[in-house]
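A short worksheet on the structure shown next.
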Amino acid sequence: MIGLDVAEAVDARRARRVLSERRVEDEKVGTLVRAVRLSASCFNNQPWRLVFCMGQESLGTVKGALAKGNTWATRASMIVAVAAKVQDDCHLSDERNYFLFDCGLAIGQLELQATELGLIAHPIAGFDPLKVKAVLGIPEDYTVITLVICGYPGTDDSLLSDKQKEAETQRPERRPKGENIFLDRWGSSLA
């Protein structure tokens, strides 16, 4: 997959779960960091704070915070904790707080870069955020938004449930464009 263009990376990106335990090389970590750092954000506020867990101790403690349904992630050689706080980004007059949106953009960019590098980058919500915050020393006023499970694709699917094994074989169905993508007015279908 090395050398993909953006369209190919978008098509190839999947939230896969079968990982090898192969360590992600430092140069690839650096490329992922660059992708995040160059992501767009409101007034260039860059609200994201990422903790790259690669050492045995940090990985082990973060893996201990995973929900049972994310047992597959215990094979990851890297987990990225994504945290932010509302005060670090645009707060608009109609109560829109941009920090979550900007973090999503940054992680989307990380996912595409990971795909181009031949890696899996799978954000999850199934973990204990208070435990992650405590074990990684994330300040109390930050929200742990997601953990991004990263690593190389593997072949051993023994940690997956039957439903997860099935999901590995095909891309999940997407909504028809007329359900969530419109032209000119809400509910008006985009051909």
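The values are calculated or read from the model by the stated rules, or taken from the named source; none is laboratory data. Since we're looking at a predicted model, the values are computed, not measured. As a convention, Cβ positions derive from the backbone with ideal geometry for all residues, glycine included, and neighbour counts pool all protein chains shown.
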*May I ask you to list pairs of residues, at least six apart or on different chains, whose Cβ atoms are under 7 Å apart, with the first in the range 50-63 being over 18 Å from V29 (Cα atoms) and the second being among the polar types (S, T, N, Q)?*
K63/T74
*Considering residues of the range 50-91 that are surrounded by fewer than 21 Cβ atoms within 10 Å (Cβ to Cβ) and touching a Pro at 6+ places or on another chain (Cβ under 8 Å) only, the residue nearest to E140 (Cα to Cα)*: K85
*List, please: which pairs have Cβ atoms under 8 Å, are six or more places apart or on different chains, and start with a residue in the range 81-98 that is of a type in the set (D, E, K, R) and end with one that is assigned to a strand (DSSP E or B) and surrounded by 11 or more Cβ atoms within 10 Å (Cβ to Cβ)?*
K85/T143; D89/N97
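Out of the range 24-47, which residues are among the small types (G, A, S) and touching a helix residue (DSSP H, G or I) at 6+ places or on another chain (Cβ under 9 Å)? Don't jump to the end; show me each part of the working.
Applying the first criterion (among the small types (G, A, S)) to the range 24-47 yields 30, 35, 39-41.
Within the range 24-47, A35, S39, A40, S41 meet the criteria.
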*Residues in the range 167-179 that are assigned to a helix (DSSP H, G or I) and modelled with pLDDT under 85: how many?*
5
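Could you check, for the range 139-154, whether at least one of its residues is aromatic (F, W, Y), crowded, with 16+ Cβ neighbours inside 10 Å, in contact with a Gly (Cβ under 8 Å, 6 or more places away or on another chain) and touching a residue at least 60 places away in the same chain (Cβ under 8 Å)? Outline the logic, then answer.
Taking the range 139-154 first, the residues aromatic (F, W, Y) are 142, 152.
Adding the requirement that they be crowded, with 16+ Cβ neighbours inside 10 Å leaves 142, 152.
From the residues that got through so far, the ones that are in contact with a Gly (Cβ under 8 Å, 6 or more places away or on another chain) too are 152.
Cutting the leftovers down to touching a residue at least 60 places away in the same chain (Cβ under 8 Å) gives us 152.
The answer is yes; a qualifying residue exists.
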_Which condition from (1) surrounded by fewer than 20 Cβ atoms within 10 Å (Cβ to Cβ); (2) in contact with a Pro (Cβ under 8 Å, 6 or more places away or on another chain) is the one that D94 breaks?_
(2)
